[in-house]
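One structure is given here, and the rest of the page talks about it.
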Amino acid sequence: MTPYPLEGCVSWNMNTVCNYRCSYCTQRFLDDRKAWARDLPGFLEAFRRLPGQWEIKLSGGEPFLHPQFLETVERLIQQGRRVAVVTNFSSSPTVLERYAAVTAPRPGVFSASLHLEYVSAATFLEKLLWFKSFYRGPLVATCVATPAQLPQLPELQEIYQKAGISLKIQPQKEDRDVIDYSDAEELQLRALGGHNGTGRLEASFRGRACWAGARYLIVDHRGEVWRCYPARRARSERLGNLLDGSFRLGMQAQPCLYEFCSCTVPFQRGMVDGGRDVRG
């Protein structure tokens, strides 16, 4: 059994707002792309009550577009929480500098998504290197491997690596499932590191003990809590709501119920029993 993780992680999808409309975005068909978490005092109090050490991983939509984003980050840092973010990195230098300053006491992973439909790889890298010069936490870039973009990704990954930036690849999904790549494309994706560096396109941990639900949570802008991303998709293993008092944190590792795991946090942080031995 994998040991109890000393630091838990909350993936908080704090809004659905985004300034991009990527052709491959899994959220592009959402009915409401203008929603955001409104009861911030309620969320902050709920995060404060979580026992032990936690990292709050902010995502969206585009989290930097939340009207109280930096204020929320500052309050979380004041609580002693580590703050991470998943962003399209389109925010202004002034805002990014402020984010780096606010998170300096406990910076988490800064994950910047390269969307080649909106920005060139060279411009994106230049901005990343500028940000890396003063950001105190880990920095990683990601890029969706659409069939059209896949041929250029090996070269881009090498260029980024030489610049000291890890460029991780994410398989394209349609209706939340990985698209049908050709055999040659699958081989290339595996050579690029697979989904977020896992070495696989689709990892499976079904039946294995996982700390998701106890040390990893998915929270949306309404306060709904799910054990993990596959649970939210299946509308199973709902853990309640942070804002109405119904949320109950799991106490121990539980078997994974899903054939395909789209969560890389439990895998990368050793929260899954035998997590490095994946298939798919």
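Read-outs: derived from the displayed coordinates by stated rules, not from any lab. Bear in mind the structure is a predicted one, so any value in this text is a computation, not a measurement. Note that each Cβ is placed from the backbone with ideal geometry, even for glycine, and that neighbours are counted across all protein chains shown.
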Practice item. For n ≥ 4 DSSP H runs only, could you compute -39500 (n - 2.57) per run for the chain, divide by its residues and tell me the 222 nm figure to the nearest 500? Key: -7500 deg cm²/dmol
Point to revise | Within straight-line cross-link reach of K173, lysines at Cα separation under 26 Å, skipping those fewer than 8 residues along the same chain | key: K34, K57
Check your understanding: Points 7 angstrom from Cα along the Cβ direction at W130 and R49: gap in nanometres?
Key -> 4.3
Review point. Under 19 Å from a point 7 Å along the Cα-to-Cβ line of E7: which residues of segment 104-120 have their amide N that close?
Key: 104-112
Study note, to complete from the structure: At R0 = 25 Å the Cβ-Cβ FRET efficiency linking D175 and N19, nearest 0.05, sits at 0.60
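Length gain on complete extension for the stretch D183 to A104, per 0.36 nm per residue less the alpha carbon to alpha carbon distance?
On the way: separation 79, 0.36 × 79 = 28.44 nm, distance 4.42 nm.
Using 0.36 nm per residue and subtracting the Cα-Cα distance, I get 24.0 nm.
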Exercise for review: Pop a pseudo-label 7 angstrom from the Cα along the beta-carbon direction at both D244 and Q268 and give the gap in nm to one decimal.
Suggested key: 3.3
**Study point:** Charge tally in the Cβ shell below 12 Å around A148, where Lys, Arg are +1 and Asp, Glu are -1, A148 excluded
**Key:** -2
Practice item. Rounded, prolate or oblate: pick one for segment 7-268, where a ≥ b ≥ c are the square roots of the eigenvalues of its C-alpha gyration tensor, a/c under 1.5 means rounded, and failing that, prolate if a/b is larger than b/c, else oblate. Key: oblate
Study note, to complete from the structure: If one builds a Gaussian network model of the chain from Cα atoms under 10 Å apart, the most fluctuating residue listed among G60, G52, G197 is G52
Review point. What percent antiparallel are the DSSP beta bridges of segment 7-268, to the nearest 5?
Key: 25
Study note, to complete from the structure: GNM of the chain, Cα pairs under 10 angstrom: of T123, T87, T264, the biggest fluctuation goes to T123
Exercise for review: For the chain, set up a Gaussian network in which alpha carbons nearer than 10 Å are linked by springs, and say which option among S236, S113, S133 fluctuates the most.
Suggested key: S133
Review point. Straight-line reach from K168: which aspartates and glutamates have a Cα under 18 Å away, not including same-chain ones fewer than 8 places off?
Key: E117, E126, E155, E158, E185, E186, E202
Review point. So, by mean Cβ neighbours within 10 angstrom, what's the order for 18-25, 256-263 with the highest one leading?
Key: 256-263, 18-25
Check your understanding: Where in segment 89-132 is the amide nitrogen less than 11 Å from a point lying 7 Å along the Cα-to-Cβ axis of A148?
Key -> 116-118
Review point. Between R222 and R190, how many nm apart are label points set 7 Å from Cα along the C-beta direction?
Key: 4.0
